[in-house]
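Report on one structure; see the data block that follows.
The values are calculated or read from the model by the stated rules, or taken from the named source; none is laboratory data. Because the structure is predicted, anything quoted here is derived from the model rather than measured. Every residue, glycine as well, gets a Cβ built from its backbone with ideal geometry; the counts of neighbours run over all protein chains shown. Note: accessible area is taken over every heavy atom of the protein model, side chains too, but ligands, DNA and RNA are not part of it. Shrake-Rupley method; radii C 1.70, N 1.55, O 1.52, S 1.80 Å.
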Amino acid sequence: MFSSVWNFIKRHKRKFIFTGAVVGGVYFLGKYAQKKIREIQEKEATEYIAQARRQFHFESNLRTCNMTVLSMLPPLKEAIVSQLNSESLTALLKTKPANKLEIWEDLKIISFTRTIVGVYSTCMLVVLLRVQLNIIGGYLYLDNSVGKSTTAPLAPPDVQQQYLSSIQHLLGDGLTELMTVVKKVVQNSLGGMSLKQSLSLLELEQQLSWIRAEVEAGSGRPLSWYMLADDENALADQACGLTENDAVTIRLLNETRDMLDSPDFTTVLNACLNRGFSRLLDNLAEFFRPPPGDSAPSFAPDSLSAVSLPLAKIIPIINGQINTICSETPSHFVQDLLMNDQVKEFAANVYETFSTPQELQK
């Protein structure tokens, strides 16, 4: 019996060797596959945790940005009102001066100018801070990443402070230049218009559209100029007072300038301006409602031209809009800008760019 078994094995020896090799190979291949699957799962888990951590950091940064915008609106409003002071003119009118008509003409130009400047500067503030705080946020994420080597931090605290102080250009020289440009355009648009002339909401919208076109295309400067000084000396001046961190601050400012000059930034800023002026017109529409009992429904397209007001009555309405535009209490105007989907998507892209290690960007 044993000899017959042995003879059977000898006859089929090669088959047994091949089968054993296959079985053994499958076993080890299975072990290798299990190991690779574990490695992939661990890598995916690590990447998921890192992505969740980065998402949480970005959302926290977004909230910080919103609060920063709201905190900057009072000084922005103060800067506008102090240079375009209509309150002194309205107080003077109450004294019934001899040059009453001349004062009304000045009030007309100043009221429109400061409201339009308010829309521009608030939109600029929202988008600029989105860029700056997400550049800083991205670098802070990398500085605090697990496993980061002990190299010099990308955004030390003193650099952050000096870099973010560059917002003063928008509140200072940039704002003054913007006022000059807008005031000149408003003068050209409304300077010869009688205070008795009546305007419908549609006609007022057309005036604002013309003013926008002249400010944005006729000044010879991109809107980004009003937000950040663009010459190297000014950038160096903004970085003064630091020592070994000078280069880091200037690098951040130059990276910001690159962002402001990008087509994506222009698109997002235009979206904000469109929404801002649209919201301004919505606010003004409250004063152009047809009188009670009028047969024309207030939501009909023709209602935009159904009611007209003399310019003398429109001026106080326009003049008061600065309190809504630059309100630190979240108004519909500011909320529209902060919650704009294009702004949020752009902010996410900026954060993604600056929170990704450089070796992964290559």
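Some observations on this one:
- L125, sole failed condition from (1) surrounded by fewer than 17 Cβ atoms within 10 Å (Cβ to Cβ); (2) without any contact (Cβ under 8 Å) to a residue 60 or more places away in the chain: (1)
- The residue list S295, S308, S303 contains one member that is more than 30 Å from I135 (Cβ to Cβ), modelled with pLDDT under 90 and open to solvent by 40 Å² or more (accessible area, probe 1.4 Å), which is S295.
- The helices (runs of 4 or more DSSP H) found wholly in the range 200-292 and carrying at least 3 residues that are under 25 Å from P316 (Cβ atoms) and modelled with pLDDT of 90 or more occupy 201-218, 263-285.
- Selected residue [more than 23 Å from G276 (Cα to Cα), open to solvent by 30 Å² or more (accessible area, probe 1.4 Å), among the small types (G, A, S) and within 31 Å of the chain's Cα centre (by Cα)] from S71, S60, S88, S82: S60
- Selection status of Q187, surrounded by 14 or more Cβ atoms within 10 Å (Cβ to Cβ), farther than 19 Å from N274 by Cβ and not small (G, A, S): yes
- Residue match in the range 150-161 (condition: open to solvent by less than 20 Å² (accessible area, probe 1.4 Å), under 30 Å from I116 (Cα atoms), touching a residue at least 60 places away in the same chain (Cβ under 8 Å) and not in a helix (DSSP H, G or I)): no
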